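The values are calculated or read from the model by the stated rules, or taken from the named source; none is laboratory data. What you see is a predicted model; the values in this text were computed from it and never measured. Counting neighbours? That spans all protein chains shown, and the Cβs are built from the backbone with ideal geometry, glycine included. The protein model used for the area step is the full one, side chains on, heavy atoms only, and it has no ligands, DNA or RNA in it. Shrake-Rupley method; radii C 1.70, N 1.55, O 1.52, S 1.80 Å.
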Amino acid sequence: MATKEYDVLIVGSGHSGGMAANILTQKGISCLMLNAGPEADMARDRTTKTVWDLPYRGFGKPGRLPHVYQATEFTANQWVDEKEVPYTHDPAAPYNWVRVRLLGGKSLFWGRQSFRLSDFEFKAADIDGTGDNWPISHADLDPFYSRVEGILRVSGRKEGWPQFPDGNFLQADYANDSGSIKKISELGASRGILFSKIRAANGRNGLASSINLLLPDALASGKLQIVPNAIVREITVDKNTGLANGANFVDRHSRQEMHVKARAVVVAAGTLESTRLLLNSGIGNSSGVLGHYLQDQIYGVTVVASVPEARDGKNPEYMGGSALVPRFRNLKKGEKHNFIKGYGMLINSGGAASPGYFADYGEGLQKRLDSYAGSCVSASIYGERVPRFENHVRINKTVSDEWGIPVLHIDVRDSANELNMAKDAAATAEDLLKAAGWEILSKTDKFYPPGYSIHEVGTCRMGDNPKSSVLNKWSQSHDVRNLFVVDGGSFVTCGWQNPTLTILALAMRASEYMADQMQKRII
Amino acid sequence: MQTIAAAPAVPVLLTPQANAQQTAAPTAAQPIAATKAGTVAEPVTRFFTAPQFAALRKLAEVLMPPIGGNPGALDAGAPEFLDFLIGVSPVERQQLYRTGLDLLNARATKQFNKSFAALDAKQADTIIRPLLVPVPWPYDPPKDPGSHFLIAAHDDIRTATRNSREWGAAAAASGRRGGGGQQYWNPVDPIYKG
Ligand SMILES: Cc1cc2nc3c(=O)[nH]c(=O)nc-3n(C[C@H](O)[C@H](O)[C@H](O)COP(=O)(O)OP(=O)(O)OC[C@H]3O[C@@H](n4cnc5c(N)ncnc54)[C@H](O)[C@@H]3O)c2cc1C
């Protein structure tokens, strides 16, 4: 029987767990990583198929992944099976929890958009006049952001705008904007709406994952072992010291229950799974806020216009390209809107019109689609949700997953702030596209259910006050000092920005602090 | 032809297609079993009633006729495919289709004293056109159940047609894009099998 005691147990192998393993092993700390799912073999587990060879002609098996709108029949097998690991919600308040349990987690599939949070997010309460600030500022995270940008090989255009902090970007060659992007950028600027470019991780060979950027060095150090198909049931605690001393897990195939010992524990199971684990373990919740303040961005609000001069294949050089509009609302004190916080916008030029925009069919519809092809400009938003105590997860004691582990009940509702923000975003985008003289084809201020953005954060939030936060500013549990949560759970506000760059910077910072504390024997 | 880079190590990972690849393939230049089922037999519906299915076929014919060398919905077997798909779909989807197809027949009977399937193109248009509304966002369907059905069926008929083998063959024959394969994730070490 193996009774080895590891320095650190890491639960989860995605971006956050990968970063913890990378940093801790560099410092000579021995780590064991447990990951709930198997390791995918890209050659064995993927096949080239044509859509008509699929049993459901690309529609996917009806009802199989009702919450994963992103799933297609081609990708259905990469996501967590909702029957194997279910969760519950009020039917009137759906939540789209999109999960991956393969080794590497969601880092295998993410879109690689990489933006820093700014002090408009870290110090949100000062601007909003409500809510809480993070216990850290952009300056605290800046050096870690820079190092992470180096690892991910992020490219971006430097702007010098405080709401959109620049970073350690690869020299990117931005081609001249097309006429349509130039026109809309100029109109935006005249309204105080600044246009920039997407910032994205290049990674290596199109992959910016823990499995190719973070875990290889950790494994090469000889200090990391990874166990796949190991589903952690609970963190175990020494009754005398109150410190974490390992975890109970179940082998996914044999269903054998196991225990592993460690001097410290890093939880990196991907925000909601980390919180579920802590709740099921009965630890880290003296504040009563564990599971609360769940957030992500609102997605779906979109306006589409057609450029008349670009119809019927004319002036193709006028179309194409994209722009990223960082948050522009509520940046100044005294700005009056019926919502706090703000939203970013993604502008894409040169797209096709969707058949649904036209009340037509048959040849008539086809003529319109052919005429409008390539002439469309769309504006879609990334809107920040307000962190609210009521938006929470709790354990549903009556439902368990395939391994008998109680599941989460998720309860997130929209507030007037989200609804008002969505209306403002749709109206602003419409105003811009109309001002350009383009024909509005479609406008919606509706948005997808929460969770859809796959940017779930919060539920283990950080703060200086142990009475109102779960973690301190080092992502360390206030209650159990050798326990760290290094994924998106620690976020105090979600921002309009995609979260992964910040998750990685926080995980790096927490892991260096943890290593230091372990080396000094404080932990 | 799909390609399998290496023989899968674990038998449960084999898909039916992968299994088929491993058996010796017939080498005859011409297949000896080449008669298309549709040329010798009538499709039997599994889910829709005969009047519902006849209305669905008519709807498919009208909404997506053959255009510009592409097959139409009937050539692509879209109604037969939808009979299968809706038959295994959640009950709300089934209800939407049943109610919608019954509505088309009821309106056809009321206005023209005929079933929807028996209408000519102009008559069908007088029933379809008022139900067609623009849809800015597919997740916010029209409140009117007739419109909701028509929008959903139109979208499904288009997708079933464009994702058909016939569509792919026409695209390949004319040198247009659309006949290629995409990466498909096999079940990775499954516990449940979907
Ligand atoms: C399609 C897609 C597009 C995205 N695009 C972007 C983007 O453009 N920009 C951006 O910033 N973000 C994007 N994201 C989000 C991004 O992928 C995540 O923020 C990030 O990868 C989260 O990393 P993580 O380590 O916190 O969690 P995860 O990647 O979820 O990893 C958690 C790991 O923990 C394991 N685990 C869970 N429970 C247990 C347990 N009980 N025991 C053992 N192991 C467990 C799982 O197996 C999993 O591997 C996208 C995500 C997806 C899916």
key: Protein-only accessible surface order, largest first, of A:Asp173, A:Asp445, A:Asp411 at 1.4 Å   = A:Asp173, A:Asp445, A:Asp411
Antiparallel DSSP beta bridges within the protein assembly as shown, as percent of all bridges there, nearest 5 = 75 percent
query = From largest to smallest, what semi-axes in whole angstrom does the range B:44-174 give when each is the square root of 5 times an eigenvalue of its alpha carbon gyration tensor?
reply = 23, 17, 16
inquiry  = Based on the alpha-carbon set only, what is the convex hull volume of chain A divided per residue, in Å³?
reply    = 162 Å³
inquiry  = What is the distance in Å between the Cα centroid of the range A:158-208 and that of the range A:415-493?
reply    = 21 Å
request  = State the Cα centre-to-centre distance between the range A:209-245 and the range B:121-177 in whole Å.
outcome  = 50 Å
ask   = FRET efficiency for A:Leu170 and A:Thr398, Cβ-Cβ distance as r, R0 = 60 Å, nearest 0.05?
value = 0.75
key: Restraint check, A:Lys197/A:Lys434; A:Lys314/A:Lys434; A:Lys182/A:Lys341, Cα-Cα greater than 25 Å   = A:Lys182/A:Lys341
ask   = With axes computed from alpha carbons, what is the tilt in degrees of helix A:272-281 against the longest principal axis of chain A, rounded to the nearest 10 within 0 to 90?
value = 30 degrees
message = Nearest 500 deg cm²/dmol is fine: what mean residue ellipticity at 222 nm does chain A get from its DSSP H runs of n ≥ 4 alone, each adding -39,500 (n - 2.57), divided by its residue count?
response = -7000 deg cm²/dmol
key: Cut-off 20 Å, label 7 Å out along Cα→Cβ of B:Ser174, residues of the range A:359-399 by amide N   = A:361-375
inquiry  = Output the 0 to 90 degree angle, nearest 10, between the alpha-carbon long axis of helix A:500-519 and the longest principal axis computed from the alpha carbons of chain A.
reply    = 20 degrees
remark   = Ignoring ligands and nucleic acids, A:Met258 exposes an accessible area, probe 1.4 Å, in Å² to the nearest 10, of 90 Å²
task = Please compute the net charge surrounding A:His138, taking Lys and Arg as +1 and Asp and Glu as -1 over other residues with Cβ under 12 Å from its Cβ.
result = -3
query = Total Lys pairs in the range B:44-174 closer than 22 Å by alpha-carbon, pairs eight or more apart in sequence or interchain only?
reply = 5
key: Occluded residues from the range B:133-182, i.e. those whose accessible area drops by 50 Å² or more once the chain is not alone (1.4 Å probe)   = B:Pro136, B:Trp137, B:Tyr139, B:Arg158, B:Asn163, B:Arg165, B:Gln182
request  = Under 14 Å from the Cβ of A:Val480, count the other residues' Cβ atoms, weight Lys and Arg +1, Asp and Glu -1, and hand me the total.
outcome  = 0
task = Run the accessible area of the range A:109-245 with a 1.4 Å probe and give the carbon-and-sulfur part as a rounded percent.
result = 46 percent
request  = Pull up the cross-link candidates among the aspartates and glutamates for A:Lys473, meaning alpha carbon to alpha carbon under 16 Å and not fewer than 8 places away within one chain.
outcome  = A:Asp119, A:Glu121, A:Asp132, A:Asp140, A:Asp142, A:Asp464, A:Asp487, A:Glu512, A:Asp516
remark   = Of A:Arg255, A:Arg461, ordered by accessible area with the largest first and a 1.4 Å probe, the sequence is A:Arg255, A:Arg461
ask   = Which of the listed residues, A:Gly383, A:Trp496, A:Val399, is farthest toward the dipole's positive end in the range A:381-523, when Lys, Arg count +1 and Asp, Glu count -1 at the beta-carbon?
value = A:Val399
remark   = Stokes-Einstein D for the range A:76-182 (20 °C, 1.002 mPa s, Kirkwood Rh from Cα pairs), in µm²/s, comes to 120 µm²/s
remark   = Percent of all Cα-Cα pairs per 5 Å bin for the range A:316-388, counting from 0 up to the last occupied bin, reads 3, 14, 17, 14, 13, 11, 11, 9, 6, 2, 0
ask   = Against the longest alpha carbon principal axis of chain A, how many degrees, from 0 to 90 and to the nearest 10, is the axis of helix A:416-435 turned?
value = 40 degrees
ask   = For the protein assembly as shown, with only Lys/Arg (+1) and Asp/Glu (-1) charged at the beta-carbon, what is the dipole magnitude about the Cα centre, in debye rounded to 20?
value = 200 debye
inquiry  = Tell me which chymotrypsin sites (Phe, Trp or Tyr not before Pro) from the range A:87-176 have a DSSP coil assignment and no more than 14 other beta carbons within 10 Å of their own.
reply    = A:Tyr174
note = Asked for the total accessible area buried by B and A (1.4 Å probe, Å², nearest 100), one would answer 5400 Å²
Inter-chain Cβ neighbour average for residues B:75-82, partner chain, 10 Å = 1
key: chain A - accessible surface per residue (Å², probe 1.4 Å)   = 37 Å²
inquiry  = Of A:Gly129, A:Val80, A:Ser118, which is farthest towards the positive pole of the range A:17-150's charge dipole, taken about the Cα centre with +1 and -1 on the beta-carbons of Lys, Arg and Asp, Glu respectively?
reply    = A:Val80
task = Could you rank the peptides A:291-302, B:158-169 by their average count of other C-beta atoms within 10 Å per residue, with the highest value first?
result = A:291-302, B:158-169
note = Sorting A:Arg147, A:Arg521, A:Arg509, A:Arg481 on solvent-accessible surface, 1.4 Å probe, most exposed first, gives A:Arg521, A:Arg481, A:Arg147, A:Arg509
message = Order A:381-387, B:67-73 from most to least packed using the mean count of other Cβ atoms within 10 Å.
response = A:381-387, B:67-73
key: Accessible surface, per residue, of the range B:44-174 when the full set of protein chains is kept, probe 1.4 Å, Å²   = 46 Å²
key: Exceeding the 25 Å Cα-Cα cut-off - candidates A:Lys83/A:Lys443; A:Lys336/A:Lys423; A:Lys261/A:Lys520; A:Lys332/A:Lys423; A:Lys261/A:Lys467   = A:Lys83/A:Lys443; A:Lys261/A:Lys467
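Report the FRET efficiency, 1/(1 + (r/R0)^6), for A:Lys123 and A:Lys83, where r is their Cβ-Cβ distance and R0 is 56 Å, rounded to 0.05.
0.80
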inquiry  = Starting from the 7 Å offset along Cα-to-Cβ, what nm value, one decimal, do you get for the label separation of B:Ile191 and A:Arg413?
reply    = 3.3 nm
query = What does the charge count near A:Lys261 come to, summing +1 for each Lys or Arg and -1 for each Asp or Glu among other residues with Cβ under 11 Å from its Cβ?
reply = -1
